[in-house]
Amino acid sequence: RPRRTAPTHADVKYGPHERNVLDVWLAESERPTPVLVSIHGGGFRGGNKSVDPRLLQGCLGSGISVAAITYRLSQHAMAPASFHDSARAIQFLRSKSKEWNFDSQRFAATGGSAGAGISLWLGFHDDLADPKSDDPIARESTRLSCMAVFNGQTSYDPRVIRKLFPENDTYKHSALAQLYQADLDDLDNLPKEKYELFEECSALPHLTKDDPPVMLFYASDFDTPIRSQGIGIHHPRFGKLLKQQMDKLEIPCTVRTRSQRGSEGWTEQTLAFIKENFGQ
């Protein structure tokens, strides 16, 4: 395993909550560097800022700076808090472009599971920048050049998930119930605001033809049987669903199955994809 490298700046505050912190590893470069933002998974109710050590070394060696962020979990605040925190972290990093030698035009995101879902959401969502804000950080863009994610959910709408996995109750996953503070046993009789929230927090509904390319890795295969919610919620059917939509819009979307996160092959493919979309 590659050695762990201490961040250039650790536990930098980007917002008011105790979990609004990030670590940054600055790549050595004469020119402004692109940035890869790593967003952790954990079902929106656990996890902490981290980045795969092999990917970190590959990025730094390629002149790409890296940031790892945390966000409020669903026990602190329901959706869309975790999504908006992550957007704020991107804006904060962009606001440091001059100080930290970043190329503000070249930002990408990576993450697994919930971190993958947030990465995709950031990439497809309309820019959350508020040019009229009194807060200079809020005026920064949230847009990305690409997303490379692992075991990612392309929708957090339990109605979409129910349709995607008819053989199983994956859509009732307790992490989703907690994320939305909704009774998913009563999915067809929820208040209108809940359905709006499901759509707002899913990547797919935000996809438009001007969105960036995506690479999705999954540990299992397309024909892996859905024997549990855990298998369902990380299944490559999510990737297939996104690819169908992105193909229609002619945006590059690659789905790789039977991948091992942290492996040499995974690192090489992720890094090559990110570099290609950074124009390196």
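Just a few scattered comments:
- The slack between Ser29 and His84, meaning 0.36 nm per residue of separation minus the straight C-alpha distance, is 16.7 nm.
- In the list (i) 1.01; (ii) 1.09; (iii) 0.96, the label attached to Cα Rg over 2.2 N^0.38 Å as derived from the coordinates here is (iii).
- Antiparallel content of DSSP bridges confined to the chain, in %, to 5: 25
- Accessible area of Asp134 in the full protein assembly, 1.4 Å probe (Å², nearest 10): 150
- Counting protein heavy atoms only, the stretch 143-226 has 50 percent of its accessible area on carbon and sulfur, 1.4 angstrom probe.
- Extension gain, Arg261 to Lys192: 0.36 nm times the residue separation minus the Cα-Cα distance gives 21.0 nm.
- Estimated inter-spin distance, His17 and Ser141, nm [label 7 Å along Cα→Cβ]: 2.7
- Taking the stretch 224-249 and a reference point 7 angstrom along Cα→Cβ of Ser174, the backbone N atoms nearer than 19 Å belong to 227-234.
- Shape category assigned to the stretch 152-246 from the gyration tensor of Cα positions, a/c cut at 1.5: oblate
- Pairs of lysine residues in the chain - Cα separation under 18 Å, sequence separation of 8 or more or cross-chain: 12
- Gyration tensor verdict on the stretch 96-140 (Cα atoms; rounded if a/c is under 1.5, prolate if a/b is larger than b/c, oblate otherwise): oblate
- Residues whose amide H falls under 5 Å from that of Thr33, counting only those 5 or more places apart or on a different chain, are Phe102, Asp103, with hydrogens built in the peptide plane.
- Which of Leu184, Gly265, Phe150, positive extreme of dipole for the chain (C-beta unit charges): Gly265
- Additional length obtainable on full extension of the chain from Ala6 to Asp126, 0.36 nm per residue less Cα span: 39.8 nm
- When both bridge partners sit in the stretch 1-122, DSSP labels roughly 40% of those beta bridges antiparallel.
- Probing with 1.4 Å while keeping every protein chain in the model, the per residue accessible area of the stretch 17-167 equals 35 Å².
The values are calculated or read from the model by the stated rules, or taken from the named source; none is laboratory data. On a predicted model such as this, the values are computed, not experimentally measured, just so you know. Note that each Cβ is placed from the backbone with ideal geometry, even for glycine, and that neighbours are counted across all protein chains shown. Each accessible area value is taken on the protein alone, full model and side chains, heavy atoms only, with ligands, DNA and RNA left out. Shrake-Rupley method; radii C 1.70, N 1.55, O 1.52, S 1.80 Å.
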